[in-house]
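Let me begin by presenting the structure, written as structure tokens, before commenting on it.
The values are calculated or read from the model by the stated rules, or taken from the named source; none is laboratory data. Predicted, not measured: the structure shown is a model, and the values here were computed from it. We place every Cβ from the backbone using ideal geometry, glycine too, and count neighbours over all the protein chains shown. Just so you know, the surface numbers come from the protein's heavy atoms only, side chains and all, with ligands and any DNA or RNA stripped out. Shrake-Rupley method; radii C 1.70, N 1.55, O 1.52, S 1.80 Å.
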Amino acid sequence: AGDPPTRLSRKLLLVAVFSLLCSFGRSHAAEYAIAEQLFFNGDFKGSAALAQAEVDRGVWNEKWPLLLLRCQMATGKYSEAEVTYEAARERFKNSIALRMIGHDVYNFVGKTELAGQQYAEIVQLVQRAPWRYSSSSDRVVLGRFLLKSGEDARDVLELAYDRAKKSNPRLPAAHVATAELALDKNDFAEAAKSVERAVELQPNNPHVHFLTARAWESSDPEKVNAAVDKALDLNPKHVPTLLFQVDHLID
């Protein structure tokens, strides 16, 4: 059977395995970054193809079905999105991020009762195991859910978004969510501050430049024009920015 491995050989083996796993993780992170950038640029077909391949491979990461769903919803493939969602929901049984988008999917295919059920399940999941949703990403998702449920905006800001930013200052979604909340409350100073940080963290996302345009809409036309130009340079088909332009042209 051979001699038992020495302590040194076991250590070398563990180092090799750990290095392989880290390399594997970096590889998948790079692949996701490429797929997400295609989405940002409006190449929904290319982004969806990469996401679909990873979903079909059974990669254990909810980011891939979430990205695929965003692509399908952006291109009006609501029936396909329903199939994607139901498979992902079965695989990631505790995901509140999936249920948030699942609510929209069911509404778009006319299944309003099932749409409401997704929100009800979010409440049940969080009440059953609140510790499971303490990550910065989940705090942002919960914040968005609570706002849709009619909770006080200040409470959501303090208990969800501010805590998410404190835990992970480099999470773009937390700064984007804060900016969107500030814009809804006409707090343009806070919106400008938050979206500035979002632009630093994710400069290739047209949505953060669109939010920049909204934040400066009433006070700085030059910044508005620059932000609109940047958003459409990244994605000429960015719908919120195009609608923003339409409103200004009508005015």
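Quick rundown of the values:
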quantity: Principal axes of the stretch 97-148: Cα extent on each, largest first, Å; calculated: 33, 19, 16
quantity: Potential lengthening between residue 226 and residue 201 on full extension [0.36 nm per residue; Cα-Cα distance subtracted]; calculated: 7.2 nm
quantity: Whichever lysines have a C-alpha closer than 23 Å to that of residue 45, once near sequence neighbours (fewer than 8 apart) are set aside; calculated: 63, 77, 230, 237
quantity: The chain - percent of accessible surface contributed by carbon and sulfur, probe 1.4 Å; calculated: 56 percent
quantity: Whole-Å semi-axes of the stretch 50-94's equivalent ellipsoid (Cα gyration tensor); calculated: 16, 12, 8
quantity: Cα pair count fraction exceeding 26 Å, expressed as % - the stretch 100-251; calculated: 34 percent
quantity: Cα pair distances of the stretch 170-228 binned at 5 Å [whole percent]; calculated: 4, 25, 34, 25, 11, 1
quantity: Peptides 82-94, 44-56 ordered by average Cβ neighbours within 10 Å, highest first; calculated: 44-56, 82-94
quantity: Kirkwood hydrodynamic radius (C-alpha pairs) into Stokes-Einstein, the stretch 115-197, 37 °C and 0.692 mPa s, D in µm²/s; calculated: 252 µm²/s
quantity: Approximate spin-label separation residue 193-residue 75, in nm, with each point projected 7 Å along Cα-to-Cβ; calculated: 4.1 nm
quantity: Reachable lysines from residue 185, criterion Cα separation under 19 angstrom, eight or more residues apart if same chain; calculated: 148, 193
